[in-house]
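Following: one structure in structure tokens, then a few remarks.
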Ligand code: HSE
């Protein structure tokens with residue numbers, strides 16, 4: 001019998017909330033697994049990145065193994081079938097989807113010994129930061145922190161009328177490269193700027209007073225460094241601000257750029273699509289909403 005897990009894409013940081021804010025989005029990968037007589041067999045449909053996906057380094061398989069090792073179970077063999085819709089290396093949580101999907105599938109396979117909080121802790125250990133894996137697991141808008149092996153989080157749901165206009169470039173950017181671009185130290189004033197904005201942004205989401213988002217979403221801790229990693233990124237930010245489209249942020253480690261839209265008309269959508277096309281015709285735009293459910297095991 002197959003175990004099927006559906007996991008949402010995620011966007012992390014949301015501007016000022018570096019490594020602590022994340023939202024699950026309405027774009028999904030599915031992972032089906034079953035125990036077989038021998039070997040490891042991986043099949044991938046949809047978006048394929050490289051042959052890592054079909055060998056032992058497969059992230060779903062590695063994440064499943066984490067549960068097997070923890071509980072001391074050795075399966076005879078494992079069959080994995082992935083259907084990938086979340087683009088790789090774009091800052092939309094494709095790794096988090098593999099990790100959360102693999103952990104949940106293996107947990108189900110061995111009879112569900114671990115709680116979702118325990119699964120989250122393992123997922124953070126694998127990923128290194130909580131802001132993609134937490135919303136992938138729980139859905140909605142998740143504020144999460146992890147330090148000294150302790151993970152704390154609060155999940156809230158968001159209104160589905162909040163639109164995420166997702167600008168995706170043809171070229172990817174690895175999270176590793178994007179994290180290496182960050183400084184070791186920041187100026188006190190910039191830290192204060194981000195603390196205020198992150199708090200204001202959370203309050204805006206929670207209260208539904210979206211009018212403050214355009215102000216709250218600006219960041220000084222990671223975006224200024226990462227926008228220099230790809231020529232079009234800075235140009236899109238400048239062009240969007242010139243057009244008074246200020247509710248934009250780098251999704252996770254980038255290079256995807258998201259514009260938030262809470263209007264009833266399609267003006268922002270048209271404007272953002274035009275900005276992307278003006279800067280670089282190779283960018284595509286997807287329109288997504290929040291996923292408030294998180295990963296589902298069937
Ligand atoms: N918070 C992480 C980062 C997210 O910005 O590096 C990675 O997707």
**Q.** Convex hull (Cα only) mean projected area of region 1-119, reported in nm² to one decimal
**A.** 7.5
Q: Taking every pair of Cα atoms in region 64-219, average 1/r, invert it to obtain the Kirkwood radius, and report Rg/Rh to two decimals.
A: 1.00
**Q.** the chain: calculated mean residue ellipticity at 222 nm from DSSP helix runs of at least 4, using -39500 (n - 2.57)
**A.** -10500 deg cm²/dmol
Q. At 4 °C and 1.567 mPa s, what whole-number value in µm²/s does Stokes-Einstein give for the translational diffusion of region 49-150, with Rh from the Kirkwood sum over Cα pairs?
A. 92
**Q.** Sites residue 186 and residue 41 - FRET efficiency at Förster radius 51 Å, r taken between beta-carbons, to 0.05
**A.** 0.65
Q. Taking only the alpha carbons of region 205-260, what extent do you get along each of the three principal axes, in Å, biggest first?
A. 35, 23, 17
Q | Global geometry of region 124-175, whether rounded, prolate or oblate, following the gyration tensor of its Cα atoms and the 1.5 cut on a/c | A | oblate
**Q.** residue 207-residue 298 pseudo-label distance in nm [points 7 Å out on the Cα-to-Cβ vector]
**A.** 4.1
Q) Sorting 241, 222 on the 10 Å Cβ count, fewest up front, what's the list? A) 241, 222
Q: Take residue 264, project a point 7 Å from its Cα along the Cβ direction, then tell me which residues of region 209-240 have their backbone nitrogen under 18 Å from it.
A: 209-211
Q | Area projected by the alpha carbon convex hull of region 147-245, averaged over all directions, nm² | A | 8.6
Q. By how many nm would the segment from residue 244 to residue 179 grow when fully extended, if each residue of separation counts as 0.36 nm and the alpha-carbon distance is taken off?
A. 20.5 nm
Q | Whole-number percent relative contact order across the chain, with pairs defined as alpha carbons under 8 Å at least 6 apart | A | 26
**Q.** Compactness index (Cα Rg / 2.2 N^0.38 Å), the chain
**A.** 0.99
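Here, each number is a calculation from the coordinates, and none is a lab measurement. This one's a predicted model, so the numbers in the text were calculated from it and none came from an experiment. FYI the Cβ positions are ideal-geometry reconstructions off the backbone, even for glycines, and counts take in every protein chain you see.
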